[in-house]
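Q: One structure follows; several queries about it will come next.
The values are calculated or read from the model by the stated rules, or taken from the named source; none is laboratory data. Predicted, not measured: the structure shown is a model, and the values here were computed from it. A quick note on method: Cβ atoms are made from the backbone with ideal geometry, for glycine too, and the neighbour counts reach across all protein chains shown. These area figures cover heavy atoms from the full protein model, side chains too; ligands, DNA and RNA do not enter into them. Shrake-Rupley method; radii C 1.70, N 1.55, O 1.52, S 1.80 Å.
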Amino acid sequence: MRPTQSEPGAGAASAAWELLLPAVAAPARTRGRSLQAALREAVRSGRLAPGTRLPSSRDLAADLGVSRGLVTEAYEQLTAEGYLRSGRGAGTWVGAAVRAAQPPAHDLAPRAPGARADFVPGTPDLALFPRTAWAAAQRGVLAELPHQELGYPDPRGLPRLRTALAELLARRRGVVADPERIVVVSGVAQATTLLGFALHARGLRSVGVEDPGSPQHDTLYAAAGVEAVPVPVDEEGLALEPLRASGVRAVVTTPAHQFPTGIAYSARRRAALLDWARSVDGIVLEDDYDGDFRYDRAPVGALQGLDPDRVAYTGSVSKSLAPGLRLGWLLVPRSWTDDVVERKRTMDLGHPALDQALFARFLERGDYDRQLRRCQRAYRERRDALVAALDAHFPGSRVSGIAAGLHVIATLPQRYGPEERFLARVAAAGVAVRPLSAYAHARGEDAGAKEIRLVLGYAHVPPARIAEGVRLMAQAATG
């Protein structure tokens with residue numbers, strides 16, 4: 001079937017000449033590839049529309065000042081790829097199989113666009129990332145890494161990194177860390193998904209999650225075919241009676257610093273939780289998301305250290321270095337190791353070897369300990385600044401939870417409510433905040449609904465901006 005668009009002429013020749021002329025200015029050795037790429041992009045973008053007849057190879061070569069063979073080769077290559085079509089004596093045409101290029105990619109990273117002050121929790125101060133030390137470690141790794149380590153890695157991770165992580169976790173978090181049971185993962189999200197698949201493979205179709213707690217657990221476990229069952233949290237930790245009544249045999253916890261309430265599990269509740277796991281032949285999944293950051297005393301050791309056969313332990317560098325590194329660890333009980341490692345193998349064949357070697361060197365040279373101390377000082381100062389600003393601008397407010405982590409729970413007096421109106425006014429003023437109710441899994445009547453309870457993140461906000469942000473929030477609430 002013959003094309004319906006115009007026959008070749010000055011218009012088509014001129015369009016082709018204008019589009020392709022920059023390509024023929026390339027060096028002679030790359031001119032052919034440049035011409036093909038320019039012609040391919042012109043078709044892909046729609047600048048040369050489907051059905052357009054192109055000039056003959058002789059005419060186009062003369063217009064561009066190149067050999068006819070160069071144009072003929074370009075036409076033949078793009079015809080073979082489907083961008084062009086041709087027939088004996090019928091000329092060369094733009095094919096109909098190509099669709100116009102898609103619009104530029106959009107950035108879907110979670111941010112608070114246009115916020116004058118951002119107190120949404122979960123983000124560290126990315127300006128604290130140790131660029132100089134990281135770059136030095138990267139240069140060292142590239143110089144010393146054996147060639148064979150650039151092949152497919154052990155799905156658990158490089159032995160060098162697993163050994164360094166075992167030493168770190170034992171020393172800082174009191175974990176019983178066998179390097180053979182550590183799996184290097186792309187953050188806690190992948191660790192959660194791996195555990196979800198392992199639960200499903202053993203016939204477990206439900207897992208208990210703290211309520212309130214991280215909203216990501218629902219979707220991550222659902223992706224593995226496991227239902228998240230909300231279990232309430234009280235002032236000591238996960239409530240045991242509702243846990244027993246739920247019928248689950250696995251539960252996710254944040255015992256060192258519960259998210260979002262900010263409590264630390266009591267010693268009594270930690271022991272009772274392990275007793276429950278033993279009684280149901282179950283497992284506790286410990287998310288130690290910010291366990292290194294305690295400001296009033298030494299951090300409480302990880303729950304895993306009390307019973308390594310009943311607790312799977314996970315953490316990452318997302319709060320200490322940067323979430324964009326996508327680097328974390330999962331330490332699993334001995335009886336779960338093979339299931340988790342095999343799932344990791346089929347999921348991605350292992351974490352990138354260069355990233356692992358770099359982080360191992362960073363640990364071995366003491367750079368990570370220095371980074372933790374640096375973050376500790378900065379985040380303690382910012383927590384103090386937030387508490388002081390709340391005292392100054394919201395008289396009668398209360399901050400609850402232990403002095404730890406990257407967020408506080410702030411309870412504001414009833415006079416600033418109701419909560420819905422408060423949140424609307426604050427958002428209109430350009431201040432991004434999250435209420436505690438946003439982290440509830442089970443919806444119901446809140447006995448404290450007349451008060452406003454906010455989860456305020458502070459780690460990513462410099463002290464001066466914390467003071468200004470709280471002032472703006474108070475101004476909006478009382479205006």
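Q: What is the residue count in region 155-179 for residues that are more than 23 Å from the chain's Cα centre (by Cα) and farther than 22 Å from L303 by Cα?
A: Here the count works out to 2.
Q: Taking S45, is it of a type outside the set (D, E, K, R) and open to solvent by 30 Å² or more (accessible area, probe 1.4 Å)? Break it down stepwise before answering.
A: Values: of a type outside the set (D, E, K, R): yes; open to solvent by 30 Å² or more (accessible area, probe 1.4 Å): yes.
Considered against the rule, which asks whether it is of a type outside the set (D, E, K, R) and open to solvent by 30 Å² or more (accessible area, probe 1.4 Å), S45 comes out as yes.
Q: Given G32, G95, G87, G69, which one is open to solvent by less than 40 Å² (accessible area, probe 1.4 Å) and without any contact (Cβ under 8 Å) to a residue 12 or more places away in the chain? Show your work before the answer.
A: Working: G32 fails: without any contact (Cβ under 8 Å) to a residue 12 or more places away in the chain; G95 fails: without any contact (Cβ under 8 Å) to a residue 12 or more places away in the chain; G69 fails: open to solvent by less than 40 Å² (accessible area, probe 1.4 Å).
Just a single option satisfies the conditions, and that option is G87.
Q: Contact list please: Cβ distance under 7 Å, first residue in region 156-185 and acidic (D, E), second residue surrounded by 20 or more Cβ atoms within 10 Å (Cβ to Cβ), pairs at least six apart or on different chains.
A: Going by the 7 Å Cβ cut-off, the qualifying pairs are D178/A166.
Q: Here are the criteria: (1) open to solvent by less than 40 Å² (accessible area, probe 1.4 Å); (2) in a loop (DSSP other than H, G, I, E, B). Tell me which single one V176 does not satisfy.
A: Of the numbered conditions (1) open to solvent by less than 40 Å² (accessible area, probe 1.4 Å); (2) in a loop (DSSP other than H, G, I, E, B), the odd one out for V176 is (1).
Q: Regarding region 186-204, can at least one residue be identified that is surrounded by fewer than 24 Cβ atoms within 10 Å (Cβ to Cβ), among the basic types (K, R) and either in contact with a Cys (Cβ under 6 Å, 6 or more places away or on another chain) or part of a helix (DSSP H, G or I) (or both)?
A: no
For every residue, the table says whether it meets (1) open to solvent by less than 10 Å² (accessible area, probe 1.4 Å); (2) part of a loop (DSSP other than H, G, I, E, B); (3) of a type in the set (A, V, I, L, M); (4) within 30 Å of G151 (Cβ to Cβ).
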residue: D339; (1), (2), (3), (4): no, no, no, yes
residue: Y368; (1), (2), (3), (4): yes, no, no, yes
residue: R373; (1), (2), (3), (4): no, no, no, no
residue: A378; (1), (2), (3), (4): no, no, yes, no
residue: L390; (1), (2), (3), (4): yes, no, yes, no
residue: P395; (1), (2), (3), (4): no, yes, no, no
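Q: Could you tell me whether region 426-439 includes any residue that is over 30 Å from P230 (Cβ atoms) and free of Cβ contacts under 8 Å to residues at least 12 places away in the same chain? Please lay out each step first, then the result.
A: So the first thing to find is which residues in region 426-439 are over 30 Å from P230 (Cβ atoms), and the list is 428-430.
Those left that are additionally free of Cβ contacts under 8 Å to residues at least 12 places away in the same chain: none.
No, the conditions are met nowhere in region 426-439.
Quick grid of which residues meet (1) under 30 Å from P463 (Cα atoms); (2) open to solvent by 20 Å² or more (accessible area, probe 1.4 Å); (3) β-branched (V, I, T); (4) touching a residue at least 24 places away in the same chain (Cβ under 8 Å):
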| position | (1), (2), (3), (4) |
| --- | --- |
| P50 | no, yes, no, yes |
| P55 | no, no, no, yes |
| D59 | no, yes, no, yes |
| Q77 | no, yes, no, yes |
| A115 | yes, yes, no, yes |
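Q: I'm trying to understand the selection: among the residues of region 277-304, which are farther than 30 Å from D384 by Cβ and either of a type in the set (A, V, I, L, M, F, W, C) or open to solvent by 30 Å² or more (accessible area, probe 1.4 Å) (or both)? First the steps, then the outcome.
A: Initially, region 277-304 is screened for residues farther than 30 Å from D384 by Cβ, giving 277-285, 304.
A277, R278, S279, V280, D281, I283, V284, L285, listed by residue number.
Q: Could you list all residues from region 262-276 that are closer than 30 Å to L372 by Cβ and either surrounded by 23 or more Cβ atoms within 10 Å (Cβ to Cβ) or more than 23 Å from the chain's Cα centre (by Cα) (or both)? Step through it out loud before you land on a result.
A: First pass over region 262-276, keeping only residues closer than 30 Å to L372 by Cβ: 262-271, 273-274.
Matches in region 262-276: I263, A264, Y265, S266, A267, R268, R269, R270, A271, L273, L274.
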